[in-house]
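Just below is one structure, and these are the notes that go with it.
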Amino acid sequence: MELKWNISNLQSYTNYQGYSDVVFKVYWNLTASETANGKVYTVGNNDTTTLTLGDVQPFTPFNELTKDQVVSWVTGSIDFPALTATLNDKLQQAISSDVVDLPPPWN
């Protein structure tokens, strides 16, 4: 199972404890993909994570944030093993299903 993160938005306080642009909410999507029977199956989960700010040390200026850092904030704030297990279950259901989506035959 291949996982891919997409961070779509970082909601931030313009000023918090003397720091500028302090992220407190992350809008994200995690996509899981797997190839089986010559076809790529993909499922996903959209969510938001509100961060506990408390002491913002060590503070990283907004323009120096990395995707990996923000993803680590999310995975540290959610039950990541349960989420990946759920995505894996959804993938296995999709792979073993006898239901398919087909385009109209006239296209």
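Residues in the range 54-76: is at least one under 11 Å from the mean Cα position of the chain (by Cα), under 22 Å from ASN29 (Cα atoms), surrounded by 11 or more Cβ atoms within 10 Å (Cβ to Cβ) and among the polar types (S, T, N, Q)?
Yes - at least one qualifying residue is present in the range 54-76.
Kindly indicate whether THR84 is of a type in the set (Ser, Thr, Tyr), at pLDDT 95 or above and closer than 24 Å to GLN17 by Cβ. Spell out the reasoning first.
Details: of a type in the set (Ser, Thr, Tyr): yes; at pLDDT 95 or above: yes; closer than 24 Å to GLN17 by Cβ: no.
Considered against the rule, which asks whether it is of a type in the set (Ser, Thr, Tyr), at pLDDT 95 or above and closer than 24 Å to GLN17 by Cβ, THR84 comes out as no.
Got a sec? Which of THR42, THR50 is touching a strand residue (DSSP E or B) at 6+ places or on another chain (Cβ under 7 Å), within 16 Å of SER8 (Cα to Cα) and open to solvent by 50 Å² or more (accessible area, probe 1.4 Å)? Outline the logic, then answer.
Numbers: THR42 fails: within 16 Å of SER8 (Cα to Cα).
Exactly one of THR42, THR50 is touching a strand residue (DSSP E or B) at 6+ places or on another chain (Cβ under 7 Å), within 16 Å of SER8 (Cα to Cα) and open to solvent by 50 Å² or more (accessible area, probe 1.4 Å), namely THR50.
The values are calculated or read from the model by the stated rules, or taken from the named source; none is laboratory data. Since this is a predicted model, take the numbers as computed values, not measurements. When we count neighbours, we look across all protein chains shown, and the Cβ atoms used for this are built from the backbone with ideal geometry, even at glycine. Heavy atoms of the whole protein, side chains included, go into the accessibility calculation; ligands, DNA and RNA do not. Shrake-Rupley method; radii C 1.70, N 1.55, O 1.52, S 1.80 Å.
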